[in-house]
Amino acid sequence: MSAADLPIPMLVLIAIVVLYLINSIKILRDYERAVIFRLGRALTPPKGPGIIFVFRPIDQMVRISLRQDVLEVPAQDVITRDNVTLKVNAVVTLYVVDPNAAAIKVANYVYQTSQFAQTTLRSVLGEVELDELLSHRDKLNLKIQTIIDQRTEPFGVKVISVEVKQVDLPEQMLRAMAKQAEAAREARAKILHASGEFDAAQKLVDAAALLATEPMTLQLRYLQTLTEIGVEKNTTIVFPLPLEMMTLFNKLGATATAAALEKKQ
């Protein structure tokens, strides 16, 4: 019997069955899984990837992506332990490890994770001081990631990283930190300058001790200085005087002063 010999109702029925079967075919990509609810009960394990059959209306399908997803946490008002008010936002990276749990145990796992991230960010950063927040950010990121991951594990979501993205400080706090940094640099500069002066003084003491062993070396230094001055085009004339003459002048001055005092008495 050919298809033309079949009655019209039979042909219509066959066409409906064929269209139903074609419509039941679903194709899932390699990163997708399908949670099938048959008569309201979830089938395990989840289906896919590839071709699967979803027989409606007894079957209902929920697609779950297994790819990593980046969730940006909105800026949160945080008061640190040292009473500094600031705004902090973060980025959370997550993916689904259990499609059935993500479809059954939570209405929207992305929204749920976002709320957990916001509350955890405020609570963790509120327990530290500003200096610790700025200098130990990696440790705080790991702590926040661990807490969020523990809370999302029951509904099949794995949080692999949390990064504090930006910390907005008040304007007066920025000015105070700038003054603090400037004062610290000035203190280091003064310490460095004093250290240089001490080293220079120590070298001068060593040089004086060395020159004292040979008096003629001081005269040689005079001559070397005259040579260096003579290289430059100037009109400066330098007359070096031996230190012995200066000592003699000092003694004569002291003697004259003593004699004058005796005459007055």
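Quick notes on this one:
- Just one of the listed residues (Lys143, Lys165) is within 28 Å of Arg81 (Cβ to Cβ) and either touching a helix residue (DSSP H, G or I) at 6+ places or on another chain (Cβ under 7 Å) or assigned to a helix (DSSP H, G or I) (or both), namely Lys143.
- Extreme residue, surrounded by the most Cβ atoms within 10 Å (Cβ to Cβ), among residues of the stretch 121-157 that are among the small types (Gly, Ala, Ser) and in contact (Cβ under 8 Å) with a residue 12 or more places away in the chain: Gly156
Residue by residue, here is whether (1) surrounded by 14 or more Cβ atoms within 10 Å (Cβ to Cβ); (2) acidic (Asp, Glu); (3) within 17 Å of Pro45 (Cβ to Cβ); (4) touching a residue at least 60 places away in the same chain (Cβ under 8 Å) holds:
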residue: Asp69; (1), (2), (3), (4): yes, yes, no, no
residue: Asp82; (1), (2), (3), (4): no, yes, no, no
residue: Pro99; (1), (2), (3), (4): yes, no, yes, yes
residue: Gln115; (1), (2), (3), (4): no, no, no, no
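- Evaluating Ile160 against the criteria (1) of a type in the set (Val, Ile, Thr); (2) loosely packed, with under 13 Cβ neighbours inside 10 Å; (3) part of a loop (DSSP other than H, G, I, E, B) leaves one unmet condition, (3).
- Look at the stretch 28-39: where a residue is small (Gly, Ala, Ser) and a partner is modelled with pLDDT under 95 and part of a loop (DSSP other than H, G, I, E, B), sitting 6+ places away or on another chain with Cβ atoms under 7 Å, you get Ala34/Pro46; Ala34/Gly48.
- Restricting the stretch 56-86 to residues that are charged (D, E, K, R) and modelled with pLDDT of 90 or more leaves a set whose member that is farthest from Glu153 (Cα to Cα) is Asp59.
- For Asp138: the one exception among (1) in a helix (DSSP H, G or I); (2) touching a Ser or Thr at 6+ places or on another chain (Cβ under 8 Å): (2)
The values are calculated or read from the model by the stated rules, or taken from the named source; none is laboratory data. No experiment lies behind these values; they were computed from the predicted model shown. In this analysis, Cβ positions are derived from the backbone assuming ideal geometry, glycine residues included, and neighbour counts consider all displayed protein chains.
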